[in-house]
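Chemist: Handing you this structure, nothing more for now.
What follows is calculated from the coordinates using simple rules that are stated; it is not laboratory data. This is a predicted model, so every value here is computed, not measured. Positions of Cβ are backbone-derived with ideal geometry, glycine not excepted, and every protein chain shown enters the neighbour counts.
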Amino acid sequence: MNYKPIVYSCSGCSSAAQMANYLAIQLDRSGYAEMSCIVGVGGNVKKLVHTAKSGRKLIAIDGCPLACSRACLQNHNLSPDLYIQLTEYGVRKKQGVDYDPLEADQILEQLQTQLTESSLINEQSKNTFTFQNN
């Protein structure tokens with residue numbers, strides 16, 4: 001059984017949205033969470049909705065106050081156990097430019113610390129970490 005929380009992210013066209021996607025990918029690759037597809041949840045893809053409703057802890061990362069990933073979960077009566085909106089971390093939403101990779105890595109470090117210290121990660125999932133320095 002997989003004990004890792006599931007992470008979903010916005011992946012829209014703004015710099016903040018792409019940072020949200022980057023953060024979710026990094027949480028997946030470093031073993032803190034397992035990334036799944038929020039578009040599949042929003043599009044009612046049966047297998048992906050089943051994964052979201054599996055009882056595992058849920059993390060949602062949105063780039064801006066539109067909160068698209070959280071809205072997709074709420075459409076299935078699901079609420080993330082941890083919700084991150086990057087504007088609350090001072091991230092500015094910009095069109096036509098990339099996000100700042102240094103800013104993204106600073107936020108990633110904060111999220112990893114928050115997850116390590118939280119109840120979202122239980123002993124079974126802690127044993128599956130493959131910590132990486134980014």
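Chemist: If amide H atoms are built 1.01 Å from N in the plane of the peptide, which residues on other chains or at least 5 residues away come under 5 Å of the amide H of Val7?
Modeler: Distant-sequence amide H within range of Val7: Glu34, Met35, Ser36, Ile59.
Chemist: Let me ask you something else. Only helical DSSP H runs with n ≥ 4 go in: add -39500 (n - 2.57) per run for the chain, normalise by residue count and round the 222 nm mean residue ellipticity to 500 deg cm²/dmol.
Modeler: Value at 222 nm, helices only, nearest 500: -11500 deg cm²/dmol.
Chemist: Points 7 angstrom from Cα along the Cβ direction at Ser54 and Asp81: gap in nanometres?
Modeler: With each label point 7 Å from Cα toward Cβ, the separation is 1.3 nm.
Chemist: Turning to a different aspect of this structure: For the chain, what are the per-bin percents of Cα-Cα distances with bins 5 Å wide, up to the bin holding the maximum?
Modeler: Result, from short to long distances: 2, 11, 22, 23, 21, 14, 6, 1, 0 percent.
Chemist: Tyr89 to Tyr3: FRET efficiency via 1/(1 + (r/R0)^6), r the Cβ-Cβ distance, R0 30 Å, to the nearest 0.05?
Modeler: Rounded to the nearest 0.05, the efficiency is 0.65.
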